Amino acid sequence: MDEKIKLLKAMGDETRIKILQYLLNGEKCACTIVPFIGKAQPTVSQHLKILVEAGILDVRRDGIRMLYKIKSDQAVRIMEVLDIPRMEVDDALLGECK
């Protein structure tokens, strides 16, 4: 039960839901997540950390880039049940990773 509560608490934030909507399209670099969310990098990093610690996201390093993807099928199902759509975005519009 604790894991389910942890999952629901982590998903109980508008910014984190927006991150998940974006990641429903597949693995993304933090350098595109930050401008997509439109908040300061430290704020987005904190939200990503919460999602990783809750077991919702996987993160891996590729050189200097941090890549995130959804690993929790339960989180995806919750998004589907709540009818939360994926966000279609042209990553090129968000800028280049540095």
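Considered as a group, the residues in the stretch 21-62 that are hydroxyl-bearing (S, T, Y) and closer than 25 Å to D83 by Cα include one that is surrounded by the most Cβ atoms within 10 Å (Cβ to Cβ), and that residue is Y22.
Given the condition in contact with a strand residue (DSSP E or B) (Cβ under 7 Å, 6 or more places away or on another chain) and within 13 Å of Y68 (Cα to Cα), answer yes or no: does some residue in the stretch 10-21 qualify? Checked against the condition, which is being in contact with a strand residue (DSSP E or B) (Cβ under 7 Å, 6 or more places away or on another chain) and within 13 Å of Y68 (Cα to Cα), the stretch 10-21 yields at least one hit.
Filter the stretch 63-91 for residues that are of a type in the set (G, A, S) and under 12 Å from the mean Cα position of the chain (by Cα); which is surrounded by the fewest Cβ atoms within 10 Å (Cβ to Cβ)? Step through it out loud before you land on a result.
As a first pass, look at the stretch 63-91 and keep what is of a type in the set (G, A, S): 63, 72, 75.
Those still in the list that are under 12 Å from the mean Cα position of the chain (by Cα) too: 72, 75.
Values: S72: 18, A75: 24.
That would be S72.
D2 meets each of the listed conditions (1) in contact with a strand residue (DSSP E or B) (Cβ under 7 Å, 6 or more places away or on another chain); (2) modelled with pLDDT under 95 apart from (1). Taking every residue in the stretch 78-89 that is touching a residue at least 40 places away in the same chain (Cβ under 8 Å) and more than 17 Å from K9 (Cβ to Cβ) and pairing it with any residue that is in a loop (DSSP other than H, G, I, E, B) and not β-branched (V, I, T), at least 6 positions away or on another chain, the pairs with Cβ-Cβ distances below 6 Å are R86/L24; R86/N25.
Can you work out which of the residues in the stretch 23-49 that are of a type in the set (S, T, Y) and at pLDDT 95 or above is nearest to K69 (Cα to Cα)?
Taking the stretch 23-49 first, the residues of a type in the set (S, T, Y) are 32, 43, 45.
From what's left, at pLDDT 95 or above: 43, 45.
Details: T43: 18, S45: 14 Å.
Among those that are of a type in the set (S, T, Y) and at pLDDT 95 or above, it is S45.
The values are calculated or read from the model by the stated rules, or taken from the named source; none is laboratory data. Just so you know, these numbers come straight off a predicted model, no measurement behind them. A quick note on method: Cβ atoms are made from the backbone with ideal geometry, for glycine too, and the neighbour counts reach across all protein chains shown.
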